[in-house]
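Asks: Before we start, here is the structure in question, set down as structure tokens.
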Amino acid sequence: MTSIPLEKQFLDPSEEYTPIPFWFWNDEITEKELVRQMGDFADKGVTGFVIHPRMGIPETLPYLSDAYLSLVHTAVKEAAARNMQVILYDEAMYPSGSAEGKVVEGNPEYASRGLIMREVTATQPVHLPSFLEAGDSLVSVQAVRKAPDGSLDPAETVLLRPSGGSVSLEGLEGGEWTILLFIETFTKGTIRGIHFGEDDGEANAPASADLLNPVATAKFIRLTHEAYYERLQSYFGTTVIAMFTDEPDIMGRGHRRGLKAWTRDFLTLFIGKGNREEDLPLLWLEDPAGRASSVRSRHRKAVQERLVSAYYKPLSEWCEEHGIALTGHPAGSDEIGLLELFQIPGQDVVWRWVAPENSLGVEGRHSTAAKCSSDAARHRGRRRNLNEVFGVCGPNNGWDLSAGDMKWYLDWLFVRGVNLICPHAFYYSVDGPRRYNERPPDVGPNNIWWPHYSLISRYIKRMSWLMTDSPNTTSLAILCREDEMPWRIAKPLYESQREFNYLEEALLRDVSIIQDGRIHLADNAYSIVLVEEDLGLTPETVRRLDEFSLQGGTIIRLRKGGDEDRVSLERASAISEPDEVVSVLDKLIGPTVLLTPRNARLRVSHVMKEGQPFFLLVNEGEEAYEGTVTLPVIGKAEAWKAWRGEITGVPAVSADDSGLTLPVELGRRESILYRILPDEDPVISAAKKSPRPPSIEHLQEGWMAEAPSFPTAPPSLGSWSGLEKLKHVSGTVTYRNSFDRERGAQDEGIRLDLGEVGEIAEVRVNGQEAGVLLWAPYRLDITPYLKSGRNELEIRVTNSLANRLDESPLPAGLIGPVVLETYR
């Protein structure tokens, strides 16, 4: 059997790599409309979806009813006929785990629970029943001494044992004592439902379930997973590929304040993690010895361990037994340890916490979300990892998300290793409040780029193909906890084009093999480990790191402050500021990928695809880059351009002991992929001549604007949102103009630069489609469409829906200046 050449796989990737969007079922659903929308998806190259029941489904269509499941069956059957992939969603809205409150119905004891601390200052015996509500359990009663600042001394803590329903301070001597009651109680948390009136804070919001209770999880699986399987079992493992669980929330949304995650009989696990019963006050209060942070850390570990065993493990095992994958994501952007049992680890980029502006792509805990899923997959041998992206990611959290920013988010994910894109979301309906309240915008059929979506879906497929079955090449690991991924030491690595992976403490401790000064894990081998000192490493982790360093491995630790040694690591190099790591690495191993001139906004990933080296470069900045890149390989170079679908040879500037140096021109919102063929000699270019500057012709006059559906047509160039009658109008305006091209100038080309555009421009030259420009810079080579003499230009500009739906006066139309650049 002859394998498909890599070039063909790249240019025409398999539908395996399709985007798989959330499909919001949020209105009265009909079989006819389901089939129509699925056909529309397929026409745009989208051959997968997540069926996501959402706010707006009428009460006449109850969740998991026969009528509802019949509609699901229709969608899955049609998907099978079209060879599409389906991911089922395990909840009615989110967060997952309650089956729209049905887990708690008939079993009120399955509602989410937490631990609350009550303080009592008493000289008389305290009557305990007066502090307990129905369903409450008393976990512990303690007497403590509190300092004036509210802190306490754990050494002055006394466990009290109730007698006859009361407790007293009898027998305690000296000073004032405070009685602390620790009560396990219902959190009264909820989830968001699918019918109007079931949202946060509303009377009918469904009750959240106790995700730390395996019996509650078993009921959840019976209600949801088993119901789907009963209807769809013949499609499981073929059309139905996974079940999506969405940011499970242990205490539920809108839960009572002041609670800590807890469940029945949890005290045993809390103590088993190295705490004492007397440490319970430190979940709320501080102590002079500073033990509170360690107690809280151990509590978090206990909660996560219980969540994995009581919730994720049963879901994962059920999915595996039924031939599908568990996918989705936890609630936290850096909770990498909770992805242990996901066959398709996932994460979520939402609320513009990550964004092009203000270094948000490399700062803060949310900046770890892409690496959270990709590194969880890398180290566990998972082929795919998913990211739910674009939800509420517009600058103003509305319909103002642009196609250009969508491209930025996609490249941000791909260069970090994500290879399954789950756009949030395609709306079944945008009628009434659905367009405003349901985490806008629609990023599919109901947005302005939908006629051109095949461009986006092809790009997603090509890049997802690239990052699948392609180990990345790096010797650097950043140590992380199961619920904390350090970002301060990662930022300078991104900005100096150094690739790294996050290495979980548990995997280092329990799974990795340390040999010859390297940490071996799956397809990776790390010779350098970076540690942020406030990570709170366990003694066993420190022992493993010492073993690694004694074998010749390198540890670089970022001190929290001053010269204090918080972690006992033998032979570790210490730095005080994150940026110092770059110079240390330069001395140790030199730069792996070198940009000349340097640029902090370019990102690089070096992956091996079927044994061949590929280098992905992404421009995360707002300015174009021009320079050279030196790669640590020698061979013939090719440029693979995923957006255009082009593969061309790239003559090198030089090839020597420092590596292969290639010219780079990377515009705003651009990415480029270099394949290096080590078995072929590099092509070295002759000295590059300075190009002759193009001649410029301004095309500002003579424009005619047509807008038959508008209250009035824009007079010419300029933003129509500045006109009173059009400031809240969204739609398409056609601009026409013409220009002369001299006869005999066939050796000259012409680039069209539209200047500022709000927001999408379709260009036609002499009646021929010349291209679609979705983001700045709005430049296009129109040479192939030109003729001698008079040439006709037609520019169709469609502006953002935010102007109408959010009443945001965003720039709209062909604003200019429009320029023709003639070059030889």
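Asks: Regarding residue 65, is this residue among the polar types (S, T, N, Q), surrounded by 18 or more Cβ atoms within 10 Å (Cβ to Cβ) and either farther than 13 Å from residue 23 by Cβ or touching a residue at least 40 places away in the same chain (Cβ under 8 Å) (or both)?
Replies: Details: among the polar types (S, T, N, Q): yes; surrounded by 18 or more Cβ atoms within 10 Å (Cβ to Cβ): no; either farther than 13 Å from residue 23 by Cβ or touching a residue at least 40 places away in the same chain (Cβ under 8 Å) (or both): yes.
No: the conditions fail for residue 65.
Asks: Looking at the structure I just gave you, is residue 349 in the same structural domain as residue 48 (by TED's automatic domain parsing), aliphatic (A, V, I, L, M), part of a loop (DSSP other than H, G, I, E, B) and buried (at least 18 other Cβ atoms within 10 Å of the Cβ)?
Replies: no
Table: residues versus (1) within 21 Å of residue 497 (Cα to Cα); (2) at pLDDT 95 or above; (3) outside the structural domain of residue 453 (by TED's automatic domain parsing); (4) polar (S, T, N, Q).
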site: 639; (1), (2), (3), (4): yes, yes, yes, no
site: 642; (1), (2), (3), (4): yes, yes, yes, no
site: 646; (1), (2), (3), (4): no, yes, yes, no
site: 649; (1), (2), (3), (4): no, yes, yes, no
site: 656; (1), (2), (3), (4): yes, no, yes, no
site: 662; (1), (2), (3), (4): yes, yes, yes, no
site: 666; (1), (2), (3), (4): yes, yes, yes, no
site: 670; (1), (2), (3), (4): yes, yes, yes, no
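Asks: Let me ask something else about it. Among the residues of the range 554-581, write down those that are modelled with pLDDT of 90 or more and either among the polar types (S, T, N, Q) or not assigned by TED's automatic domain parsing to the domain that holds residue 489 (or both).
Replies: Answer for the range 554-581, where residues must be modelled with pLDDT of 90 or more and either among the polar types (S, T, N, Q) or not assigned by TED's automatic domain parsing to the domain that holds residue 489 (or both): 554, 576.
Asks: Any idea how many residues of the range 366-396 are aliphatic (A, V, I, L, M) and either on the phi > 0 side of the Ramachandran plot or in the same structural domain as residue 522 (by TED's automatic domain parsing) (or both)? Quick ask: steps written out before the conclusion?
Replies: Residues of the range 366-396 aliphatic (A, V, I, L, M): 369-370, 376-377, 386, 389, 392.
When the remaining residues are screened for being either on the phi > 0 side of the Ramachandran plot or in the same structural domain as residue 522 (by TED's automatic domain parsing) (or both), the result is 392.
Residues that pass the stated criteria total 1.
Asks: Going by the conditions given, is residue 708 without any contact (Cβ under 8 Å) to a residue 60 or more places away in the chain and part of a loop (DSSP other than H, G, I, E, B)? Full working, then the answer.
Replies: Numbers: without any contact (Cβ under 8 Å) to a residue 60 or more places away in the chain: yes; part of a loop (DSSP other than H, G, I, E, B): yes.
Criteria met by residue 708.
Asks: Tally time: how many residues in the range 79-102 are of a type in the set (A, V, I, L, M), surrounded by fewer than 24 Cβ atoms within 10 Å (Cβ to Cβ) and under 14 Å from residue 216 (Cβ atoms)?
Replies: 0
Asks: Tally the residues that are modelled with pLDDT under 90 and either over 30 Å from residue 737 (Cα atoms) or in contact with a Gly (Cβ under 9 Å, 6 or more places away or on another chain) (or both), restricting the search to the range 672-693. Talk me through it step by step, then tell me what you get.
Replies: The first filter runs over the range 672-693 and keeps only residues modelled with pLDDT under 90, leaving 685-693.
Of the ones still in play, those that are also either over 30 Å from residue 737 (Cα atoms) or in contact with a Gly (Cβ under 9 Å, 6 or more places away or on another chain) (or both) are 685-690.
The total comes to 6.
Asks: Continuing with the same structure: Going through the range 743-794 one residue at a time, which ones are in contact with an Asp or Glu (Cβ under 7 Å, 6 or more places away or on another chain), under 23 Å from residue 709 (Cα atoms) and in contact (Cβ under 8 Å) with a residue 60 or more places away in the chain?
Replies: 772
Asks: Another question, if that's okay. Residues of the range 398-440 being more than 24 Å from residue 385 (Cβ to Cβ) and in a helix (DSSP H, G or I), which ones?
Replies: Those that are more than 24 Å from residue 385 (Cβ to Cβ) and in a helix (DSSP H, G or I): 403, 404, 434, 435, 436, 437.
Asks: Quick test for you: out of 493, 466, pick the one residue that is farther than 23 Å from residue 389 by Cα and surrounded by 19 or more Cβ atoms within 10 Å (Cβ to Cβ). Give the steps one after another, and end with the answer.
Replies: Numbers: 466 fails: farther than 23 Å from residue 389 by Cα.
Result: 493 is the single residue among 493, 466 that is farther than 23 Å from residue 389 by Cα and surrounded by 19 or more Cβ atoms within 10 Å (Cβ to Cβ).
Listed here are the residues, each with its yes/no results for (1) among the polar types (S, T, N, Q); (2) surrounded by fewer than 16 Cβ atoms within 10 Å (Cβ to Cβ); (3) more than 30 Å from residue 22 (Cβ to Cβ).
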residue	(1), (2), (3)
219	no, no, no
222	no, yes, no
229	no, no, no
235	no, no, no
264	no, yes, yes
268	yes, yes, yes
285	no, no, yes
290	no, yes, yes
296	no, no, yes
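Asks: Moving on to the next point. What are the pairs with Cβ atoms under 7 angstrom where one residue, in the range 35-50, is under 22 Å from residue 90 (Cβ atoms) and among the polar types (S, T, N, Q) and the other, located anywhere, is modelled with pLDDT under 95 and outside any helix (DSSP H, G or I)? Sequence gap at least six, or different chains.
Replies: If the second residue must be modelled with pLDDT under 95 and outside any helix (DSSP H, G or I), no pairs are left.
Asks: Next up: Taking the options 681, 740, name whichever one is closer than 30 Å to residue 603 by Cα and among the charged types (D, E, K, R). Lay out the reasoning, then the answer.
Replies: Values: 740 fails: closer than 30 Å to residue 603 by Cα.
Only one candidate qualifies: 681.
Asks: Additional query: Would the range 192-208 turn up any residue that is surrounded by 21 or more Cβ atoms within 10 Å (Cβ to Cβ), of a type in the set (Asp, Glu), at pLDDT 85 or above and under 20 Å from residue 251 (Cβ atoms)?
Replies: Within the range 192-208, one or more residues are surrounded by 21 or more Cβ atoms within 10 Å (Cβ to Cβ), of a type in the set (Asp, Glu), at pLDDT 85 or above and under 20 Å from residue 251 (Cβ atoms).
Asks: Criterion first (surrounded by fewer than 16 Cβ atoms within 10 Å (Cβ to Cβ), in contact with a strand residue (DSSP E or B) (Cβ under 7 Å, 6 or more places away or on another chain) and farther than 30 Å from residue 198 by Cα) does residue 119 satisfy it? Steps first, answer last, please.
Replies: Numbers: surrounded by fewer than 16 Cβ atoms within 10 Å (Cβ to Cβ): yes; in contact with a strand residue (DSSP E or B) (Cβ under 7 Å, 6 or more places away or on another chain): yes; farther than 30 Å from residue 198 by Cα: yes.
Yes: the conditions hold for residue 119.
Asks: Any idea which of (1) assigned to a helix (DSSP H, G or I); (2) in contact with a strand residue (DSSP E or B) (Cβ under 9 Å, 6 or more places away or on another chain); (3) touching a residue at least 40 places away in the same chain (Cβ under 8 Å); (4) hydroxyl-bearing (Ser, Thr, Tyr) is the one residue 316 doesn't satisfy?
Replies: (3)
Asks: Residue 788 fails exactly one of the following numbered conditions: (1) in contact with a helix residue (DSSP H, G or I) (Cβ under 7 Å, 6 or more places away or on another chain); (2) surrounded by fewer than 17 Cβ atoms within 10 Å (Cβ to Cβ). What is the number of that condition?
Replies: So residue 788 meets the others, but not (1).
Asks: Working only within the range 160-200, note down all residues that are of a type outside the set (D, E, K, R), more than 30 Å from residue 281 (Cα to Cα) and in contact (Cβ under 8 Å) with a residue 40 or more places away in the chain. It would help to see each step written out before you state the result.
Replies: Filtering the range 160-200 down to residues of a type outside the set (D, E, K, R) leaves 160, 162-169, 171-172, 174-175, 177-183, 185-187, 189-191, 193-197.
From what is left, the residues that are more than 30 Å from residue 281 (Cα to Cα) are 193-197.
Result: 193, 194, 195, 196.
Asks: Let me ask you something else. Name the strands (runs of 3 or more DSSP E) wholly within the range 441-533 that hold at least 2 residues that are out of contact with any Asp or Glu (no Cβ under 9 Å at 6 or more places or on another chain)? Spell out how you get there, then give the answer.
Replies: Details: elements: 476-480, 501-504, 513-515, 518-521, 524-526, 528-532.
Once the strands (runs of 3 or more DSSP E) in the range 441-533 are filtered for at least 2 residues that are out of contact with any Asp or Glu (no Cβ under 9 Å at 6 or more places or on another chain), what remains is 513-515, 518-521, 524-526, 528-532.
Asks: Restricting to the range 597-626, what's the tally of residues that are surrounded by 16 or more Cβ atoms within 10 Å (Cβ to Cβ) and charged (D, E, K, R)?
Replies: 4
Asks: A follow-up question, please. Can you tell me which residues in the range 371-397 are in a loop (DSSP other than H, G, I, E, B), closer than 21 Å to residue 642 by Cβ and not charged (D, E, K, R)? Spell out how you get there, then give the answer.
Replies: As a first pass, look at the range 371-397 and keep what is in a loop (DSSP other than H, G, I, E, B): 379-385, 392-397.
Cutting the leftovers down to closer than 21 Å to residue 642 by Cβ gives us 383-385.
Scanning the range 371-397 gives a single hit, 385.
Asks: Right, something else. Only residues that are in a loop (DSSP other than H, G, I, E, B) and surrounded by fewer than 17 Cβ atoms within 10 Å (Cβ to Cβ): list them for the range 170-187, please. Break it down stepwise before answering.
Replies: Going through the range 170-187, the residues in a loop (DSSP other than H, G, I, E, B) turn out to be 170-177, 187.
If the condition is that a residue be in a loop (DSSP other than H, G, I, E, B) and surrounded by fewer than 17 Cβ atoms within 10 Å (Cβ to Cβ), then 170, 171, 172, 173, 174, 175, 176 are the ones that fit.
Asks: So which of 774, 801, 810 is buried (at least 19 other Cβ atoms within 10 Å of the Cβ) and closer than 25 Å to residue 694 by Cβ? Lay out the reasoning, then the answer.
Replies: Details: 801 fails: closer than 25 Å to residue 694 by Cβ; 810 fails: closer than 25 Å to residue 694 by Cβ.
The conditions single out 774.
Asks: Given the condition assigned to a strand (DSSP E or B) and of a type outside the set (S, T, N, Q), answer yes or no: does some residue in the range 121-134 qualify?
Replies: Taking the range 121-134 and keeping what is assigned to a strand (DSSP E or B), we get 126-127.
Filter again for of a type outside the set (S, T, N, Q), leaving 126-127.
Among the residues of the range 121-134, at least one is assigned to a strand (DSSP E or B) and of a type outside the set (S, T, N, Q), which makes the answer yes.
Asks: Among the residues of the range 583-606, are any out of contact with any Gly (no Cβ under 9 Å at 6 or more places or on another chain), under 21 Å from residue 677 (Cα atoms), outside the structural domain of residue 778 (by TED's automatic domain parsing) and modelled with pLDDT of 95 or more?
Replies: Yes, the range 583-606 contains at least one residue that is out of contact with any Gly (no Cβ under 9 Å at 6 or more places or on another chain), under 21 Å from residue 677 (Cα atoms), outside the structural domain of residue 778 (by TED's automatic domain parsing) and modelled with pLDDT of 95 or more.
The values are calculated or read from the model by the stated rules, or taken from the named source; none is laboratory data. Remember, it's a predicted structure, so these values are computed and weren't measured experimentally. Reconstructed Cβ throughout: ideal geometry from the backbone, glycine too, with neighbour counts over all protein chains shown.
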